[in-house]
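S.K.: Pasting in a structure now, in structure tokens, and then I'll have a few things to ask.
Rule-based calculations on the coordinates, nothing more; no lab input. Nothing here was measured: the structure is a model prediction, and the numbers come from that model. Cβ sites come from the backbone with ideal geometry, for glycine too, and all protein chains shown count toward neighbours.
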Amino acid sequence: IIEALNYMHYTSNQIHRNVCPQIIIVTKRGTWKLFGLEFAENIIGRDPLECVSVPPWSIKVAKITQPNLDFLAPESQMIGQCNILSDMFSFGLVVCTLFNHGKQLIQANNNPMLYSRQIEFLEQQVNAVLPRIPAGLQEAVQRMLSRDPHPRPTTQLLPLINFFKCQTEPAIQAMQFLDVITLKDPVSKSNFYRGALLEALPFIPKKLRWQHVWPILHLEVKAGEVLDDVLMPIVWLTNESTTEEFETHVLPTLKMIDFRHLMSSPKTVDAPFVLFENLHVIMQKCPRDEFNKHMLPLLYFALDNQINTIQTASLIAVQNVAEQLSDAVLHNIVLGKVRILLEKHSNDVKKISLVLGFYEKVMIRLEKKQILEEVLPSLLLMRLTDPDITARVVRLYRCILVDEKCGLINVMATRMIPSLAPQTVNPALTVDQFGSLMEILYHMLDNIDQYQRPKLKQDPPKHSPERRGLRHQMSTDNIPAPPFNIPNLRVEKRKTSSAEDMARKNSVTVPQTSTSNTGSVASGFRNLGQWFFGSNTSATNEGNQFLQVNQVYPNRRLSDNTMLAPKIKIAPSCASSPGGTPGGASGLPTRRHSSIGPQERRSSAVNLSPPTLARSMIGGSMPNTSSSVPFLLTSSMQSIRSRRTSAGFSGSHGSGILQQLSSGMHQLLSGRT
């Protein structure tokens with residue numbers, strides 16, 4: 001109205017003279033229009049404030065041919081003159097009528113005398129109405145209703161007050177832009193819908209939103225040129241609307257949009273993204289059956305979509321509407337689709353964060369089956385490199401462990417703890433996050449201990465017969481040692497005392513009955529030969545199982561042979577035997593010693609060959625090969641005999657053998673006698 005008066009005063013150079021509620025018409029779109037120009041007066045001079053002579057209101061003239069007396073300026077009735085400031089007085093009375101519930105301050109009832117009386121008390125009536133007028137407009141109203149025309153503001157000054165600048169100016173500008181928006185380019189439209197209109201909508205009266213703003217938005221949805229930008233004010237209007245207004249205006253318009261087709265191309269995904277981001281707003285206003293019929297299928301389609309933007313938008317929508325979804329939809333459809341989507345993007349931090357937000361909202365509504373089959377596999381798939389993700393996963397684990405119905409002992413031990421343990425050394429964690437992580441790990445270990453320890457005490461582990469047999473087979477006690485045979489080498493434990501063993505053997509082998517001296521001597525030499533070389537017939541004696549080789553140590557008493565180490569028995573050397581030195585200077589075999597290196601050889605001073613003197617004297621035979629080291633034949637036998645003769649009669653070796661033979665014969669004969 002101010003703009004219309006400004007146009008008349010400064011462009012058309014006219015005075016309206018009849019500004020009142022009856023000449024203001026509201027169009028179908030909610031725009032106010034100024035009519036009633038039948039009483040307009042032209043301004044003759046160049047100065048708009050120049051006064052123009054007009055006839056006062058008279059009862060002698062038909063009222064239909066005169067302006068409205070209740071909104072007439074005092075100077076027009078009292079003096080018969082008016083200017084553009086007279087229209088401002090009338091406009092001030094219109095403003096007071098609007099905020100006074102439509103009640104006029106002056107009610108003269110077409111009586112000039114009554115009008116003059118009420119003008120005298122106008123100031124008091126204005127003061128009574130001022131509390132109902134917005135604070136930013138009160139001073140302007142007081143000045144416009146001044147009886148003196150000079151303090152009244154013009155149509156150029158009134159729009160500059162704070163009331164219009166701070167609050168309603170964006171709304172007025174938005175309304176003005178909507179009147180010519182069909183002439184604007186798409187870029188200007190996009191900027192307007194996303195910026196100016198969203199800022200102005202809170203200041204536009206509700207009635208004007210549906211009468212003036214909504215028809216323009218409906219036309220833009222049909223055109224589809226800036227659909228994603230138009231959806232933002234539509235969502236705002238949906239949030240402020242009633243259920244009836246939503247069903248009447250918004251829902252039919254949303255059904256017109258083919259969102260499935262828009263989700264098929266990356267170039268047109270902005271509109272579905274805006275829809276899914278604000279799906280919870282639509283769900284609050286939309287009837288449940290309509291939402292399940294039209295909106296939920298779109299959500300399922302978005303969860304299965306391959307475009308990254310649509311997937312993110314669908315997870316946002318699922319997180320926002322999770323509390324309103326039914327248990328059947330949540331358990332049977334949404335959880336499975338969310339898990340599959342996370343499996344494809346287990347490294348996407350943004351998607352992981354959205355999924356965690358979804359789980360945090362629905363955890364208390366899930367049963368053990370859903371937790372084990374859907375939630376836990378998803379949590380274990382997440383890469384816990386981000387500290388915030390780790391902290392949120394820890395909170396979810398805490399919620400799961402608080403619920404005793406889950407019974408996750410095996411999962412804790414085999415999956416949950418191994419996934420969380422590496423994060424204890426994550427340097428990006430804060431002190432509080434580290435404390436929460438350690439607390440949940442300790443809690444899991446305590447649960448495992450409380451479950452497993454009593455169980456082990458009641459039921460000790462029992463090994464099956466197959467396991468016992470396997471353990472028996474794998475025991476080191478039952479593994480046979482591989483054969484370790486060294487050619488011509490045999491180790492035997494010697495007797496502790498040679499003298500006592502000789503006496504015992506002689507006492508066992510001596511016959512109990514006496515014979516002739518010749519038989520006694522022969523029997524004695526036979527027994528001595530059996531003791532020295534071994535016997536072929538006494539297989540049951542204790543010493544007949546091994547070769548009894550008595551090495552000759554010259555100048556050694558028999559009483560010194562009390563405790564001796566095991567003796568290594570080596571067969572006589574020959575040309576074909578390993579380690580043999582046929583034709584050597586000493587004529588003796590060479591052997592390795594256990595205490596020397598593998599490359600060092602020592603020459604033994606002991607002749608292990610049976611002495612030929614004892615054999616010729618006794619007439620005994622060669623030792624049995626079953627209980628002695630085998631003697632080599634052919635050419636090696638000749639070498640043995642040659643060395644045997646030299647060893648029996650030469651040097652200290654021969655004297656030692658004779659000395660022991662004589663000592664043994666003496667003991668044998670003295671024992672027999």
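S.K.: Tell me, what is the percent relative contact order of segment 167-242, built from C-alpha pairs under 8 Å that lie six or more residues apart?
M.R.: Details: 48 pairs, mean separation 29.4, N = 76.
Relative CO of segment 167-242 lands at 39 percent.
S.K.: Also: So if I take the centroid of the Cα atoms in segment 235-268 and the same for segment 365-385, what is the distance between those two points in Å?
M.R.: Measuring centre to centre over Cα atoms gives 34 Å.
S.K.: If I take every Cα pair under 8 Å that is 6 or more residues apart in segment 45-152, average their sequence separation and divide by the length, what percent do I get for the relative contact order?
M.R.: On the way: 121 pairs, mean separation 29.0, N = 108.
RCO, segment 45-152: 27 percent.
S.K.: Here's something else I'd like to know. With a cut-off of at most 15 other beta carbons within 10 Å, and DSSP calling the residue loop, which trypsin sites (Lys or Arg not before Pro) in segment 1-34 qualify? Please list them. Mind showing how you got there, number by number?
M.R.: Numbers: sites: ARG17, LYS28, ARG29, LYS33; in loops: ARG17, LYS28, ARG29.
Here the trypsin sites (Lys or Arg not before Pro) that fit, given the DSSP loop and packing criteria, are LYS28.
S.K.: Taking K and R as +1 and D and E as -1, what net charge do the other residues with C-beta under 10 Å from the C-beta of VAL349 add up to? Display every interim value, and only then the final one.
M.R.: Details: positive: LYS350, LYS351, ARG383; negative: ASP348, ASP386, ASP388.
With Lys, Arg at +1 and Asp, Glu at -1, the net is 0.
S.K.: Mind checking segment 60-145 for trypsin sites (Lys or Arg not before Pro) that DSSP puts in a loop (not H, G, I, E or B) and that have at most 15 other Cβ atoms within 10 Å?
M.R.: Numbers: sites: LYS60, LYS63, LYS103, ARG117, ARG132, ARG143; in loops: LYS60, LYS103.
Loop-located and lightly packed - LYS60, LYS103.
S.K.: Counting only Cα, what are the radius of gyration and maximum Cα-Cα distance Dmax of segment 2-157, in Å?
M.R.: Calculated on Cα positions, Rg and Dmax stand at 14.9, 42 Å.
S.K.: Compute the signed sum of charges (Lys and Arg +1, Asp and Glu -1) over the other residues within less than 13 Å, Cβ to Cβ, of VAL141.
M.R.: Working: positive: ARG132, ARG143, ARG152; negative: GLU123, GLU139.
Neighbour charge sum, excluding VAL141 itself: +1.
S.K.: How far, in nm, would the chain grow between LEU381 and LYS369 when pulled straight, counting 0.36 nm per residue and subtracting the alpha carbon separation? Display every interim value, and only then the final one.
M.R.: Working: separation 12, 0.36 × 12 = 4.32 nm, distance 1.80 nm.
Contour length minus Cα-Cα distance gives 2.5 nm.
S.K.: Across segment 167-242, how large is the tail of the calculated P(r) beyond 20 Å, expressed as a percent of all Cα pairs? Show your work: numbers first, answer last.
M.R.: Values: 558 of 2850 pairs.
Looking at segment 167-242, the distances longer than 20 Å represent 20 percent of pairs.
S.K.: Could you list the chymotrypsin sites (Phe, Trp or Tyr not before Pro) in segment 29-81 that lie in coil according to DSSP, counting only those with at most 12 other Cβ atoms within 10 Å of their Cβ? It would help to have the intermediate numbers written out before the result.
M.R.: On the way: sites: TRP32, PHE35, PHE39, TRP57, PHE71; in loops: PHE35, TRP57.
Here the chymotrypsin sites (Phe, Trp or Tyr not before Pro) that fit, given the DSSP loop and packing criteria, are PHE35.
S.K.: Cβ neighbours within 10 Å, averaged per peptide: list 378-385, 276-283 in order, most packed at the top.
M.R.: Values: 378-385: 18.1, 276-283: 20.5.
Averaged packing, sorted descending, gives the order 276-283, 378-385.
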